[in-house]
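First comes the structure, then the notes that go with it.
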Amino acid sequence: MSPDDSEETELLVIGAGPGGYPAAIRAAQRGVDVTLVEKDAYGGTCLNHGCIPSKALISTSRMADEVATAEEMGIDASVSTDIERMIQWKDGVVGQLTGGVQKLCRMNGVDLVDGRAVFVDTNEVEIYEESSEAATRLHFDDAIIATGSRPMELPGFSFSDEQIMSSRQALAVSEVPDRLLVVGAGYIGMELSTVFARLGSDVTVVEMLDSSLPGYEKDITTVVQRRAEDLGIDFHFGESAQEWTETDDGIQVETQTEDESVQEYTVDRVLVSIGREPVTETLGIGALDVEIDDRGFIETGRRGQTSVDNVYAVGDVSGEPMLAHAATKEGIIAAETIAGEAYDIGDWIVPAAVFTDPEIATVGMTEAEAEEIGFEPIVGQMPFNASGRAMTLGDTDGFVRLVATNDGSLLGAQIVGPEASELVAELTFAIKNRHSLEDIARTIHVHPTLSEAVMEAAEQALGQAIHIPN
Ligand code: FAD
């Protein structure tokens, strides 16, 4: 029972990002009384400051670049871009989607509360609304924490300084900087470097490690980095940003190389994209005895359960993979578990995509990972320069690679090339459902499509490719 002055709910979901709002909707669909509390904007990072706005600007900048560089296809056009109108268009897309989230929640009977939820104990939160100092109390049976993550700051590079941007600020600029320094060549840094280079910025990327897109195989990152260099992006590896000062000509950023020599870059703005950290301090997490790892992420089991029985955590706040689609599935599984459905989750197969030029998409194991755990994998690879569809698109860099056990069970796939993020869906389905190379090779794919490259990679692994050597 709750104290007299407290409202009650069966399930409290904290945070309305792609982890929280689907969890709330699914639990409501299963007949649970649900309250969803959001302190900022419905849709979370993904819809407001992440996936959607970045992909919107990637699309507009790509379109401008493609039109401007299509002489070979017989198109002569001079293109000019207007960043204010691009941002307005992007905001329109975001607005439609975030408004949709609220409607969907209401339609499914989820109670929405605008405010910040702070734990009092394992069955009660205080909710602080922005406009009011006073808090209301809400008693709950179960809770799902879906409070997400935020960009990490680099010491000395505060996001409160106008010249220093996080990805959030970079996605809302009112003008394109002439000279941009990007610190960090992970997926966010690489995606946004491409956007700004296409819009005319002179982009320099400094990365502490010795290559871009750490975690991806070298032959994949090489394809992306070559295209980025063709756009004029200048890469400096093994360098870490140290400090910056204002000068008469923009700002000067000092970096240090591995051998401790100092480099200087004069730029107009800096984008710091060095990683993301969990959001837990908004929550009063200390009031719960929840286990947290050494980087501050909440430790969870396969169904999102934390070390406190009635408290679950999903999405970025529970660590890798910090991806919207993983957050959504985690949220749905936690909600269904709370609603009493203890079905077998099966294999946890999470595809990932990077929306660079060209795109990267991966799922399951690489060849090296398969070898490491004792398989003797067979590998098939189809380059896009042998794909009729890729040629008609004028986009032939990259390849599809499939990794399978020596009896043909699919273990993993790596794609770099046009529409990689779409192509990976077939392979994710195949791996999740334990399909084989043979299943893919024998499936008829539409001609001419990029998906034929997936089929041909399977055929190549089996020594049966028609259009490339086996
Ligand atoms: P979030 O989306 O961060 O949502 C958490 C919500 O909780 C927020 O709305 C926050 O206001 C709210 N909240 C926090 N504390 C409280 C509190 N105490 N009370 C009430 N509410 C609270 N992922 C992909 O899969 N594909 C992509 O292409 C992609 N691109 C990205 C591009 C960028 C630039 C960035 C930054 C991220 C990108 N991501 C992408 C990652 C993706 O955005 C995250 O993985 C996803 O948003 C995580 O969802 P979440 O629900 O865990 O958290």
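All of the numbers you see were taken from the coordinates with simple rules; none came from a lab. From a predicted model like this one, the values you see are computed outputs, not experimental measurements. Cβ coordinates were reconstructed from backbone atoms using ideal geometry, including for glycine residues, and neighbour counts include every protein chain displayed.
Among the residues of region 65-106, those that are touching a residue at least 60 places away in the same chain (Cβ under 8 Å) and outside any helix (DSSP H, G or I) comprise ALA70, THR81. Examine region 209-219 for a residue that is buried (at least 23 other Cβ atoms within 10 Å of the Cβ) and either within 14 Å of the ligand (Cβ to nearest atom) or touching a residue at least 40 places away in the same chain (Cβ under 8 Å) (or both), and state whether such a residue exists. No, region 209-219 has no match at all.
Which of the residues belonging to region 240-255 are without any contact (Cβ under 8 Å) to a residue 60 or more places away in the chain and either out of contact with any Asp or Glu (no Cβ under 7 Å at 6 or more places or on another chain) or not in a strand (DSSP E or B) (or both)? Those that are without any contact (Cβ under 8 Å) to a residue 60 or more places away in the chain and either out of contact with any Asp or Glu (no Cβ under 7 Å at 6 or more places or on another chain) or not in a strand (DSSP E or B) (or both): SER240, THR245, THR247, ASP248, ASP249.
The rows are residues; the columns are (1) over 20 Å from the mean Cα position of the chain (by Cα); (2) hydroxyl-bearing (Ser, Thr, Tyr); (3) farther than 19 Å from GLU367 by Cα.
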{"residue": "LEU393", "(1), (2), (3)": "yes, no, yes"}
{"residue": "VAL400", "(1), (2), (3)": "yes, no, no"}
{"residue": "SER409", "(1), (2), (3)": "yes, yes, no"}
{"residue": "ILE415", "(1), (2), (3)": "no, no, no"}
{"residue": "PRO418", "(1), (2), (3)": "no, no, yes"}
{"residue": "SER421", "(1), (2), (3)": "no, yes, yes"}
{"residue": "ASN433", "(1), (2), (3)": "yes, no, yes"}
{"residue": "ILE440", "(1), (2), (3)": "yes, no, no"}
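The residues in region 284-295 that are closer than 30 Å to VAL183 by Cα and either of a type in the set (D, E, K, R) or within 12 Å of the ligand (Cβ to nearest atom) (or both) can be counted, and the count is 3. Each residue in region 280-301 was checked for being surrounded by fewer than 19 Cβ atoms within 10 Å (Cβ to Cβ), under 15 Å from PHE119 (Cα atoms) and within 23 Å of the chain's Cα centre (by Cα), and 2 pass.
Residue pairs whose Cβ atoms lie under 8 Å apart, separated by 6 or more positions or on different chains, with the first residue in region 35-61 and free of Cβ contacts under 8 Å to residues at least 60 places away in the same chain and part of a helix (DSSP H, G or I) and the second of a type in the set (Ser, Thr, Tyr) and more than 6 Å from the ligand (Cβ to nearest atom), are LEU47/THR98; ASN48/THR98; THR60/THR81. Among the residues of region 299-324, the one identified as of a type in the set (Lys, Arg) and touching a Ser or Thr at 6+ places or on another chain (Cβ under 8 Å) is ARG303. Residues that are within 16 Å of the ligand (Cβ to nearest atom), assigned to a helix (DSSP H, G or I) and either of a type in the set (Lys, Arg) or within 17 Å of ARG401 (Cα to Cα) (or both) within region 326-376 comprise just one, LYS329. Residues in region 107-121 that are in a loop (DSSP other than H, G, I, E, B) and in contact with a Phe, Trp or Tyr (Cβ under 9 Å, 6 or more places away or on another chain): VAL110, GLY115. Scanning region 302-323 turns up one or more residues that are of a type in the set (Gly, Ala, Ser), surrounded by fewer than 22 Cβ atoms within 10 Å (Cβ to Cβ) and free of Cβ contacts under 8 Å to residues at least 24 places away in the same chain. Across region 137-187, the qualifying residues are those that are among the small types (Gly, Ala, Ser) and touching a His at 6+ places or on another chain (Cβ under 9 Å), and the one among them that is nearest to the ligand (Cβ to nearest atom) is SER167. Restricting attention to region 220-238 and to residues that are outside any helix (DSSP H, G or I) and free of Cβ contacts under 8 Å to residues at least 60 places away in the same chain, the residue that is surrounded by the fewest Cβ atoms within 10 Å (Cβ to Cβ) turns out to be GLY232.
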